[in-house]
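> Submitted below is the structure of interest, expressed as structure tokens.
We did not get these values from a lab; they are worked out from the coordinates using the rules stated. The structure displayed is predicted, hence computed values, not measured ones. Glycine gets a Cβ as well: all are built from the backbone with ideal geometry, and neighbour counts include every protein chain shown.
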Amino acid sequence: MAISPPSDLVLDVVRAADPAAVQEAQAKLKASKAAFAATSLAEVGKGFGAAMNIIDTPATKAGLGNPVMPKEVAEMPDEYRKFEASVLQTFVNSMLPKETEEVYGKGSAGEFWKSMMAEKIADEMSEKGGIGIAEQMYSQALARAERHGAVNTTTDENDRSRAMSMITDFERQVLGVDKSNEA
């Protein structure tokens with residue numbers, strides 16, 4: 001047997017009350033709530049000073065707790081942010097819990113989903129200012145460019161061939177291929 005009242009009793013009482021009395025009661029409730037919050041913060045030694053201590057932490061200075069992106073972050077080239085995100089992904093992945101079968105699934109699929117989660121967290125951290133790796137690398141690159149004059153935007157054939165030989169050597173080392181196996 002279900003009870004189905006014709007209307008909400010509390011709303012009926014509020015509607016029947018004098019609107020001025022309702023507004024007065026709401027104002028008193030708001031004032032007492034604010035007064036209670038202020039006194040409870042003051043009693044435990046918190047308040048404006050504690051809020052300033054929270055704001056003035058190394059995390060907020062590093063940009064981790066700052067929701068507003070600084071101007072320098074917006075001007076940062078994307079390559080530096082991507083590098084910082086890849087470094088952060090390694091850290092985040094190692095910090096995620098090891099027993100995660102219930103969350104991500106079992107086996108290699110679970111590891112794949114876990115690494116995707118670490119990648120997304122690292123990307124977001126880097127976009128919000130990161131931990132300073134990108135800024136440090138960018139400032140070093142700018143200083144190096146200032147010391148050596150204008151930035152060289154062209155690549156000559158020697159640089160190109162040296163880079164290609166380094167890539168080929170790296171591929172051989174990773175894949176375990178000899179020069180003699182190539183034909």
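> Counting only pairs 8 or more places apart or on different chains, how many lysine pairs in the range 91-168 have C-alpha atoms closer than 17 Å?
Taking the range 91-168 as the scope, the lysine pair count is 4.
> What FRET efficiency do you get for residue 35 and residue 83 if R0 is 45 Å and r is their Cβ-Cβ distance, rounded to the nearest 0.05?
Numbers: r = 51 Å, r/R0 = 1.14.
Efficiency, rounded to the nearest 0.05: 0.30.
> Separate question: If packing is taken as the mean number of other Cβ atoms within 10 Å per residue, what is the order of 78-85, 23-30, 136-143, highest first?
78-85, 136-143, 23-30
> Another one. First measure r as the distance between the Cβ atoms of residue 144 and residue 119, then evaluate 1/(1 + (r/R0)^6) with R0 = 30 Å and state the FRET efficiency to the nearest 0.05.
Calculated value: 0.50.
> Continuing with the same structure: Just subtract the alpha-carbon distance of residue 93 and residue 175 from 0.36 nm times their residue separation and send over the number in nm, one decimal.
So the extension gain works out to 27.0 nm.
> Tabulate in residue order the Karplus-calculated ³J(HN,Hα) for the range 25-33, using 6.51 cos²θ - 1.76 cosθ + 1.60 with θ = phi - 60°, rounded to whole Hz; enter x for Gly and Pro.
Rounded to whole hertz, the list is 5, 5, 5, 5, 5, 5, 5, 5, 5.
> Next question, about the same structure. Length gain on complete extension for the stretch residue 75 to residue 128, per 0.36 nm per residue less the alpha carbon to alpha carbon distance?
17.8 nm
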